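Below is one structure, written out as structure tokens; comments come after it.
The values are calculated or read from the model by the stated rules, or taken from the named source; none is laboratory data. These numbers were taken from a predicted model, which means no experiment stands behind them. Neighbour counts are summed over all protein chains in view; Cβ atoms, including those assigned to glycine, are modelled from backbone coordinates with ideal geometry. Accessible surface areas use protein heavy atoms only, side chains included; no ligands, DNA or RNA. Shrake-Rupley method; radii C 1.70, N 1.55, O 1.52, S 1.80 Å.
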Amino acid sequence: MGSVDADPPRPDPAGVRRPVTAILGVAAALIVVDQLTKWWAVEELGDGHTIDLFWTLRLRLLYNRGTAFSLTDDTGPVVSVIALVVVAALVWSGRRQRSRLVVVGYGLVIGGTVGNIVDRVAREGEGFFGGGVVDFVDLLLVLKRPHIPSAKESTLWVVFYVGLALVFALLMLIFADGEHAGQFLAGWLTEYSL
């Protein structure tokens, strides 16, 4: 028990005092950058040409009207509604966060998700949330020439990217805690599905 004269505990000076404000600020900044780069891509790459940068990295305009990797063409609206629910849950759970790194991570996941939802609303498409998400960064690691990937090749790359996310979640579990690892996985899954 402490004495009556004891100083009250001071807030951690390195912690974030208003986490929701910080999360929304990071998200808003990312949404602006996201939409500006997508505007540039539509204006510059809209005629169908490709800009080769280096090695196998290139810029090429694509519209994704389905889920991740355009695996489906008709589930974009459903995934968008689910994404809005996840964004709301992340904002709600973010109000308890104090770590700058975690707050920035929340803001990045929310900003990326909302940026894709803006595309689904603002871009031309059929129905509610029917617009296509603008994608324009193309990293060709597995192929030197365009081809239709086999099911095996596609599966290997999906497993690789899912494995990377799971390794990162495991690192968060080790260096942070289970709650943050779970929140990362929920946010990653939402963003991946868009």
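Key figures
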| item | result |
| --- | --- |
| Net length gained if the chain between residue 123 and residue 164 were fully extended (0.36 nm per residue, minus Cα distance) | 11.7 nm |
| Dipole-positive endmost among 92, 30, 113 within segment 23-124 (Cβ charges, Cα centre) | 92 |
| Under-5 Å amide H pairs with residue 133, H placed in peptide plane, nonlocal only | 64, 65 |
| Fraction of accessible area attributable to carbon and sulfur, segment 23-141 (%, probe 1.4 Å) | 67 |
